[in-house]
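First the structure, in the form of structure tokens, and then the observations on it.
The values are calculated or read from the model by the stated rules, or taken from the named source; none is laboratory data. Bear in mind the structure is a predicted one, so any value in this text is a computation, not a measurement. Because the Cβ atoms are built from the backbone with ideal geometry, glycine has one as well, and the counts that use them run over all protein chains shown.
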Amino acid sequence: MPDLRLFEEYLTIRRVIPEKKLSYYLHWVNSFIASCQEREVSFNDSHQVDPYLNLLAKSKEEWQVNQARDALRMYHFFISRAEERTFSAKDIASTEAWRLVAKEMREALRLRHRALSTEKTYLQWLRTFYSFLKGTRPADIDSKDVKRFLSHLAVEQKVAASTQNQAFNALLFLFRNVLDKELSDISDTVRAKSKRKLPVVLSKKEIDKIFAQMDGVYLLMVKLIYGCGLRIDECLCLRVKDVDFEQNILLIRSGKGDKDRVTMLPESIKKDLQSQITENRPLFELDKSTEGLSGVWLPNALERKYLNAGKEWGWFWLFPSQNISTDPRSNMIRRHHLHVSSLQRNFKNALRHTDITKNASVHSLRHSFATHLLEKGCDIRTIQELLGHSNLQTTMIYTHIAGKNITGVKSPLDP
């Protein structure tokens, strides 16, 4: 088992946690080792870890128990990497070495609670990078390889600037959190041309035309997205408990950046939402009575913290899938929410049956929400909060496409 000083160095260099929390994480690992007394310590054995955490819960605050659990998971990840690195240092084939790197990258992403979509995207870029290097071992790559790859994307693949930046973020994560290397200056990399694109915004009449071509649960979902300014994933992940009919608010949990926020609930769809919730109840009762079926997925550590919460009515999906499927991370069989492609496909079909020529998508409804509020005179800061933007500059893009002259400035041509 590696020395705790190496673990401390790893946490410090990789900036896995804030520096002020470092001593606490080391304390919890030390405390757990001491609790095992003379037994062989296993950081992945629930028969050792769970009793320790349960004992902590009797005298410590909830956040301290969660912090201790996080510390033990991080240390387990660290020592397992150290053991595998010893094996990978031998002269194994390049393919096997990259397979190990992919495994470590997946574990590192999950340790930091990155979204499943981010995990898939980063691993796809890892595979593309591996193909580009044509057999070079992970231990032999450096910043020059990254420069060549990013330049290749810009010059030969002619990717957009956002795509090149996405690839860079994936490789930066690879170097810092898996290969334990720092990228040197890559400023001389050929950059993809950055084009300023204004978002596609639909008028109220165009939105009504699309709505007229949709029905059922998909119509309700697009009305929610437009009426509340939701991202498509935020709509799909809504739970029964997230709808507050009394206060007319909708709670968005773990949105982009893992942030929670509150937005308004349109009065015009409250009855449809209540009907949707009522229709979901038999499906919930069926799942609850089916033996061997896990409850719905819960974010982060909630599934361990509240063992049966996934089978409670409040956590049930607002838009559940009609079919049972396998969780891609845990391999548990459970009911998930509707798939994103189903909503996108229904929206595109509706769009084709209208005379709208704009290249609109479901996300255009969120753009339209912000623009229409701005045109009605809503404060830009309020719109920022409703959209969940961290940076006001992101929200300011809508001032360039608002249909009305919100600045109040008159043209010199007018009297």
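Which of the numbered conditions does Cys237 fail, given that it passes all the others? Conditions: (1) closer than 25 Å to Lys376 by Cβ; (2) out of contact with any helix residue (DSSP H, G or I) (no Cβ under 9 Å at 6 or more places or on another chain); (3) crowded, with 18+ Cβ neighbours inside 10 Å. Failed condition: (1).
Got at least one residue in region 7-30 being loosely packed, with under 14 Cβ neighbours inside 10 Å, farther than 23 Å from Arg176 by Cβ and modelled with pLDDT under 85? No, every residue in region 7-30 fails to be loosely packed, with under 14 Cβ neighbours inside 10 Å, farther than 23 Å from Arg176 by Cβ and modelled with pLDDT under 85. The single condition among (1) surrounded by fewer than 16 Cβ atoms within 10 Å (Cβ to Cβ); (2) of a type in the set (Gly, Ala, Ser); (3) in contact with a helix residue (DSSP H, G or I) (Cβ under 8 Å, 6 or more places away or on another chain) that Ala154 does not satisfy is (1). Exactly one residue among Phe316, Phe284 is touching a Phe, Trp or Tyr at 6+ places or on another chain (Cβ under 6 Å), over 23 Å from Ala115 (Cα atoms) and assigned by TED's automatic domain parsing to the domain that holds Phe347, and that residue is Phe284. Considering every residue within region 275-283, establish whether at least one is closer than 28 Å to Leu387 by Cα, among the aliphatic types (A, V, I, L, M) and assigned to a helix (DSSP H, G or I). Yes. Any residue at all in region 259-270 that is of a type in the set (Ser, Thr, Tyr), farther than 15 Å from His337 by Cβ and either part of a helix (DSSP H, G or I) or under 28 Å from the mean Cα position of the chain (by Cα) (or both)? Yes, the conditions are met somewhere in region 259-270.
Let's see how each residue does on (1) farther than 30 Å from Arg281 by Cα; (2) in contact (Cβ under 8 Å) with a residue 12 or more places away in the chain; (3) not in a loop (DSSP other than H, G, I, E, B):
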| site | (1), (2), (3) |
| --- | --- |
| Ile324 | no, yes, yes |
| Asn349 | no, yes, yes |
| Thr354 | yes, yes, no |
| Thr357 | yes, no, no |
| Gly377 | yes, yes, no |
| Leu386 | no, yes, yes |
| Thr394 | yes, no, yes |
| Ala402 | yes, yes, no |
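Can Arg127 be described as among the charged types (D, E, K, R), outside the structural domain of Gln67 (by TED's automatic domain parsing), under 21 Å from Asp258 (Cα atoms) and modelled with pLDDT of 90 or more?
On the way: among the charged types (D, E, K, R): yes; outside the structural domain of Gln67 (by TED's automatic domain parsing): yes; under 21 Å from Asp258 (Cα atoms): no; modelled with pLDDT of 90 or more: yes.
Here the answer is no, as Arg127 does not meet what is asked.
Restricting region 257-295 to residues that are of a type in the set (A, V, I, L, M) and surrounded by 13 or more Cβ atoms within 10 Å (Cβ to Cβ), the residue that is farthest from Val243 (Cα to Cα) is Leu293. Is there a residue being touching an Asp or Glu at 6+ places or on another chain (Cβ under 7 Å) and part of a helix (DSSP H, G or I) anywhere in region 148-170? No, region 148-170 has no match at all.
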